[in-house]
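Accompanying notes for the structure given below.
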Amino acid sequence: MESAIRWSPTSSVTEQRFLSVDVTGKAFRLCRVNGFDGKTLRHEVLSTLTNVPGFRAFDWSSSNENLIAVGQSSGEATILRLDGDVKDALSFPVRNQRYCNAVSFSTHGLVASGLDRVRNDFCLNIWDVNQRLSPAGGTKGFTEPLRKLASSEPITSIKFFRDQPDTIVTGVKGQFVRIYDLREGPGSPSLQYSTRCVHNLAIDSLDENYIASCVPSNDSTICVWDRRVGTRLTSPSVGSSAATPETGQTTAALQLKNVFHPKASIWSLRFSKTNRGNLAALSSTGHFKHYELSKDYLPEEYRSSIDETLGQGFSRNYPESVYTKHVRDVCVPFDHPTRGCNVKDRVVSFDVLNLNLTAQPSAIALDGHGTPQIITPQSPCAPVNLSSQSVLACGVSSSDSDVRSIHPLSDQISPISDLIGNIRSRVCFSSQEHSANSNGQLFVPRDLRPEPVSSHENRERTMALGALGVPLTAKEALTLGAVNKSRCREGYLFDEARNRKVAADDQALQDFWSWVERARTDSSSTSMVVNGLDLNYLGVTNLWNNDLGAYIRVRVYSKLIPVLGRGLEQRLINAKTDDPKTVAEAVKTLAEQLDLPETKGCDTAYPSHRRLCLRLCGASHSYRELEQTVKELSGNNQHTKAAALAVFQDEPKLAYVGLRSNKPTQAHKLLAMAIAGASKGDNDTDWEETCAEIAKELTDPYARAILALVSKGDWNAVTKEITLPLKYRVEVALRWLPDEELGVYLKSATAEAIRQGDIEGVVLTGLGHLAMGLFQSYIEKFNDVQTPVLAMSHTVPRLISNQKHIIQFEAWRETYRRQMNSWKLQLERARFDVGSRRFAVTADGRKLAPTPPQQVSLTCNYCTNPLTQHDASSQLSPSAKGTETVHPTAGNPLASATMAGTVCPRCGRHMPRCGVCTLWLGAPDPMSRASIAADAEASRKPSEADVMRRFVVFCIHCNHGYHANHASEWFKRHKVCPVAECNCICDR
């Protein structure tokens with residue numbers, strides 16, 4: 001360090017001084033601040049002390065501003081006067097010359113010098129400056145120190161405490177941080193901490209229980225010590241063996257590792273004099289960091305108990321844990337890759353101020369040019385936290401206790417689909433980049449992406465609101481983050497029709513649940529079980545390849561070999577095998593059973609496969625169905641979609657009619673003319689180029705698909721139209737591509753859908769083993785585990801048998817269950833648990849999920865045994881036998897008429913009394929005997945009131961119990977517990 005700076009501890013609002021130290025020039029300058037405009041610190045030099053002997057350490061007296069102590073290379077500690085001459089210096093010599101590493105003034109006239117190690121000599125000397133400065137103490141020659149400590153232990157750093165000026169903390173090189181009490185005699189105990197952090201000692205002047213030290217190089221670690229906790233040590237005499245601690249080693253109250261870059265070293269360490277627990281550190285690269293330390297909260301009851309046990313006021317002397325509250329980079333290193341500076345412009349020294357310029361602690365710093373400046377760290381950002389309920393809690397920077405919360409709009413507005421639609425409309429209107437066509441599709445922003453956008457990417461852009469240049473408000477962003485929670489609250493579960501209504505803002509999800517609904521309707525009967533094979537929930541790719549997941553392919557010598565017996569799915573009901581040949585025969589049989597009509601298409605060797613695959617796509621089979629579909633779409637102003645579906649089945653006249661009906665626009669008439677012109681054939685190059693130019697200006701996927709076909713007359717052009725939804729591309733491929741080309745297309749389309757996590761790909765993958773890869777990509781892209789779990793609950797564990805996939809699904813399922821619990825939607829989670837178990841049944845009626853264990857039971861308040869109505873000799877519980885069995889044991893709850901109410905079958909004690917009617921809980925309600933007799937009739941279904949009469953409820957606050965119907969009636973009118981002298985507000 002070539003220069004240093006120190007702030008005068010006696011500075012006030014009216015006058016501020018600082019000491020500028022030129023280490024290489026051996027000079028001290030006392031300066032006075034004249035002004036500060038926020039950037040430049042104006043000052044004048046009051047006095048200068050030059051030709052100072054070479055020194056390695058210095059300290060400025062806090063009690064006498066004229067005194068400076070310097071530690072020389074010879075080991076002498078020299079006292080200099082700023083208002084005097086160097087010749088008038090007062091020196092404290094040592095017997096054996098060695099480096100003086102540290103010097104320090106106390107507040108009452110002592111000076112300490114820390115020396116390097118010499119065998120059989122002390123390395124810590126304490127001198128009385130007041131005695132030497134007095135007229136009687138100015139004798140020449142060698143003077144013995146007031147105290148000599150640390151025999152043969154090199155001292156690296158020294159600091160006196162201000163609140164206890166006779167106490168000093170020292171750093172013993174590479175070994176200890178040690179505290180000495182100079183009032184105790186030689187050999188008296190002291191405190192020490194075993195550590196390598198022994199340099200740059202700093203004491204928090206506002207809470208001197210905390211001491212900071214560091215390792216300056218390599219790992220650049222800072223430790224904070226609590227002087228109220230330490231190891232007692234007995235100091236040895238000269239020449240004796242090392243001191244022995246009385247107790248085990250103590251750890252630091254706080255340890256900060258890797259404070260700076262490994263190549264940088266710590267030059268300075270200071271605690272703030274205006275803000276408690278604020279620690280600043282400076283590195284050799286000019287990296288200036290500020291740490292705000294805070295104490296762990298201790299309840300007032302805890303402090304009071306300490307004072308009562310150990311004495312009044314003792315809690316202040318009790319150790320307190322600290323933690324790092326904020327860390328800020330005030331100045332970055334000069335070699336920072338983006339915010340660096342010239343090496344001379346970096347901060348080389350600093351000292352903390354004793355004045356409050358702002359709410360944050362300030363410091364005076366010196367750069368490489370020797371220019372002083374004032375540095376103040378910025379106020380820390382207010383704390384921000386996001387709850388699982390999508391509520392954003394924001395702290396107020398002016399106060400640590402004030403917090404404001406921002407709630408999503410979905411907390412007050414529903415349904416969520418309308419809310420998302422409103423947000424989307426605002427964003428699209430504001431950006432002026434989107435508009436809606438007649439089919440409700442969003443136009444692609446030409447300046448962002450001139451080339452066509454695929455259907456799945458169009459969905460991703462629609463969902464990525466706020467990423468297209470128009471920022472969202474905080475409430476809108478929180479609303480989008482709470483979509484899954486809102487959908488769950490609105491009943492997004494296993495009812496496909498309700499799911500489509502809840503997800504009305506997402507067309508892809510609506511199509512997805514429509515496919516699941518068709519598959520579930522088929523699975524509700526045995527119509528899809530053929531030749532002993534369960535063909536439910538299959539995708540187009542599985543069906544075309546006769547792949548039911550009975551085997552996996554293993555690479556052997558660069559070839560994929562099918563390995564039987566290691567299946568991914570289990571679809572055998574009573575068949576012996578599910579190899580491809582058996583599956584192909586089952587597909588033919590199924591197509592015949594379903595009476596699927598023939599449709600227009602190319603020549604194929606697998607007509608049954610194609611018709612069944614078209615059924616999986618939800619395509620129309622007969623002309624009458626197609627005509628009805630076209631009519632409905634045209635009536636809903638979806639002219640282009642109606643025409644496209646007709647064109648895909650090679651019905652140009654029906655497409656022409658669809659475009660010309662129900663108030664068509666000019667664009668629809670032009671498209672109809674193009675279809676009519678293409679039906680005449682003989683399309684030349686000019687025709688193809690014209691259609692291609694028109695297609696470039698269109699964003700409607702159905703119009704683009706029609707032009708792609710009429711311009712080239714090639715069905716491959718339609719399958720390559722990526723803006724068209726995937727299920728329609730697959731439908732065109734199934735109708736018009738040859739068998740070999742179809743197999744290649746389905747393979748590539750399935751792989752792309754799985755890679756992109758495109759939920760439209762369920763048409764290809766089904767809900768079998770291929771869907772696991774599809775949904776994994778979907779979850780990684782959208783962070784949405786809700787839809788995959790609800791969908792795959794239909795087939796896991798009914799069809800999926802691969803253990804890896806089962807474990808993967810269970811992880812998703814448990815994640816979703818925890819999400820619902822965190823949303824406080826426990827009832828929805830219970831409905832999910834019950835509903836998902838209903839799917840764990842094979843086609844032949846075998847249940848695959850074990851019966852869940854009993855989760856709630858009544859126990860006796862006295863013996864804590866369950867109040868079950870069977871004795872210990874019973875081998876099976878009543879629930880296991882299917883009907884309730886009452887054993888005539890002593891104390892049986894139903895054995896004796898004299899024992900009114902339910903009693904414990906073990907100890908014979910009653911349940912508590914009802915807080916309303918004061919009858920024993922478990923006793924039949926005398927007012928409901930008629931209804932109980934009526935309930936015995938099989939034809940009468942008990943009402944909710946009748947059922948409630950047989951239940952008991954308890955208040956979780958006061959533990960009082962009631963008949964359920966009595967509690968319901970009481971708390972409709974009251975909130976306070978009905979039990980006398982109980983003031984519990986049970987209905988909270």
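Computed from the coordinates by the stated procedures, all read-outs in this text should not be read as laboratory data. All values reported here derive from a predicted model rather than from experimental measurement. All Cβ positions, glycine included, derive from the backbone under ideal geometry; neighbour counts span all protein chains shown.
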Helix 726-736 axis, angle to the chain major axis (alpha carbon atoms, nearest 10°): 40 degrees
Between 0 and 90°, nearest 10: helix 685-696 axis offset from the chain longest Cα axis: 50 degrees
The chain: translational diffusion in µm²/s, Stokes-Einstein, Kirkwood Rh over Cα pairs, 4 °C, 1.567 mPa s: 35 µm²/s
Candidate lysines - alpha carbon under 22 Å from residue 501, same-chain residues fewer than 8 apart omitted: 485, 641, 727
Once exposed loop GluC sites (Glu not before Pro) are cut out (DSSP; at most 14 other Cβ, 10 Å), longest piece of the chain: 247-597
Charge-dipole axis of the stretch 169-223 as Lys and Arg at +1 and Asp and Glu at -1 on Cβ define it, positive-most pick from 223, 198, 182: 198
Helical mean residue ellipticity (222 nm; -39500 (n - 2.57) per DSSP H run of 4+; nearest 500) of the chain: -9000 deg cm²/dmol
Neighbour-count order for 639, 108, 609, fewest beta carbons within 10 angstrom listed first: 108, 609, 639
Residue (of 587, 761, 260) at the positive-pole extreme of the chain, dipole from beta-carbon charges: 260
Fewest-first sequence of 463, 673, 528, 772 by Cβ atoms within 10 Å of each Cβ: 673, 463, 528, 772
Restraint check, 39/325; 663/696; 87/263, Cα-Cα greater than 32 Å: 87/263
Nearest-20 debye value, the chain charge dipole, Cβ charges on Lys, Arg, Asp, Glu: 1420 debye
Trypsin sites (Lys or Arg not before Pro) lying in DSSP loop within the stretch 61-153, provided at most 14 other Cβ fall within 10 Å: 95, 119, 140
Cα long-axis angle, helix 739-756 against the chain (0 to 90 degrees, to the nearest 10): 30 degrees
When the stretch 1-42 is reduced to its Cα atoms, the Kirkwood hydrodynamic radius in Å: 11.3 Å
Relative contact order [Cα under 8 Å, 6+ residues apart], the stretch 561-663, whole percent: 18 percent
Average Cα contact separation per residue, the chain, under 8 Å, 6 or more apart, as relative contact order %: 5 percent
Per-pair calculated FRET efficiency, R0 = 41 Å: residue 862 and residue 312 via Cβ, rounded to 0.05: 0.35
Residue-wise HN-Hα coupling along the stretch 201-214, computed from phi with Karplus coefficients 6.51, -1.76, 1.60 (Hz; x: Gly, Pro): 4, 9, 10, 6, 5, 8, 7, 6, 6, 10, 10, 10, 8, 8
Signed unit charges on C-beta, dipole axis of the chain, positive-most listed residue 661, 702, 102: 102
Under 18 Å from the Cα of residue 173 - lysines, other chains or at least 8 residues apart: 148, 159
Amide H contacts of residue 357 (H built 1.01 Å from N, under 5 Å, at least 5 apart or other chain): 362
Alpha-carbon centroid distance for the pair the stretch 50-116 / the stretch 348-425, whole angstrom: 46 Å
